[in-house]
Ligand SMILES: *Cc1c(COP(=O)(O)O)cnc(C)c1O
């Protein structure tokens, strides 16, 4: 196909007679997603437009990914500059901007070193491999076990879907990977007895892998006392603490990393979603004591290429330069206050509002028929994009540059959506 034909036939046609959506889309693309019935083609800041020209307030941000919203000038500049300079060369060579990004990340976190890849799942795979290698080489554990939490989410590759403590994601893909054990989240007694049980015969537990706040599992913040006790246990027993910061890292919670909300430091943590502001990049970071990787241990062809690193670095620097953390805290508070006021008005529908910074969830009552998907559909009709986090929780993860006026407008659209659900 010539470039001219490609331009004439864009993937999402705005021509109403033949939009590349619905059945036509599904006949070409595997139907692994349940998609909402709109096709988006343009974005600016916290707003996006569909192929019919309808405007939406974007409180999904590509699932907590578009940190700086859409078409941010800093990203446009970084993308353009780097694609004109050098976009990909592989890790056969030194990539200066990869080093710069690793320097920024380590200077702004508890980690000493970074490994770059392309997604959250891949970053978690790296963390799992690093923990296993550490267990074999430094702890002399023959069968290293990693404890993860129920209702967690760590990705869709075989190892990370096994780490994910939700049977619905594992169904149909057995056999699962060996080496994982699940405990209920925020339950210290269950964790301690699991460790004791696993270690009863021979020492087995190599690592504990958790989210500081469970995102996909329903926007459930970690309990401070729980995580502090885990840190103590890990220190006492030489167990590695891995935190999956894929969704909550990069200022999403009002702190640079989710673990800062819990006053602890992990030994290993992963980042992806917000890291490149919507450009695919993942990172696995660790303290130097557990960096047992050596040349040949692990790799990724695309990982940390000049293009994604330059964009991610521009996102990181903008977070700092434009006082975005303060905005996350202020807008987060404004949003939670507004959501709580709505919860008070509709107590028969809404059970709870919870979250940190700009990752918030509104849980619907268990004993009503209304599901998160239905409410999200109603919100789309009112011009607001939201994303479910499980069957009963609606998640609010706008770009971190969202304004006070946009939060007010989102709250208004949400209330309109609730009213329309009620009158159905
Ligand atoms: C989204 C997510 C992942 C998976 O990231 P992908 O980029 O989709 O592979 C892993 N962990 C958490 C906590 C996530 O939210």
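Nothing in this text is a laboratory measurement; each read-out follows from the coordinates by a stated rule. Keep in mind that what you see is a predicted model, and the values were worked out from it rather than measured. Cβ: placed from backbone, ideal geometry, glycine included. Neighbour counts: every protein chain shown.
What residue among 392, 138, 255 shows peak mean-square fluctuation when the chain is described by a Gaussian network model with Cα springs under 10 Å? Comparing 392, 138, 255 in the GNM, the peak value goes to 138. Over the chain, DSSP H runs of length four or greater, each weighted -39,500 (n - 2.57), average out per residue to a 222 nm ellipticity of -11500 deg cm²/dmol. Region 114-140 and region 225-242 have their alpha-carbon centroids 18 Å apart. Highest GNM mean-square fluctuation among 65, 85, 403, for the chain modelled with Cα contacts below 10 Å: 85. With only the Cα atoms considered, region 173-316 has a convex hull volume of 158 Å³ per residue. Most simply put, the chain has about 60% antiparallel DSSP beta bridges, counting only bridges with both residues inside it.
FRET efficiency for the residue 228 to residue 113 pair, using the beta carbon distance and R₀ = 25 Å, is estimated at 0.50. For region 157-257, divide the Cα radius of gyration by the Kirkwood radius and give the resulting Rg/Rh value with two decimals. With Rg and the Kirkwood Rh in hand, the quotient comes to 0.97.
Binning all Cα-Cα separations of the chain at 20 Å, short to long from zero, yields these whole-percent fractions: 25, 57, 18, 0.
To the nearest µm²/s, what D does Stokes-Einstein give for region 49-193 at 25 °C and 0.890 mPa s, using the Kirkwood radius over alpha carbon pairs as Rh?
Values: Rh = 19.1 Å.
Result for D is 128 µm²/s.
One Cα centroid belongs to region 243-303, the other to region 322-375; the line between them spans 27 Å. Shape class of region 57-128 from the Cα gyration tensor (axes a ≥ b ≥ c, square roots of the eigenvalues): oblate, since a/c reaches 1.5 or more and a/b does not exceed b/c.
Dividing the radius of gyration of the alpha carbons in region 311-401 by their Kirkwood radius gives 1.05 for Rg/Rh.
Equivalent-ellipsoid semi-axes (√(5λ), Cα gyration tensor) for region 243-328, whole Å, largest first?
On the way: eigenvalues 105, 68, 18 Å².
After scaling each eigenvalue by five and taking roots: 23, 18, 9 Å.
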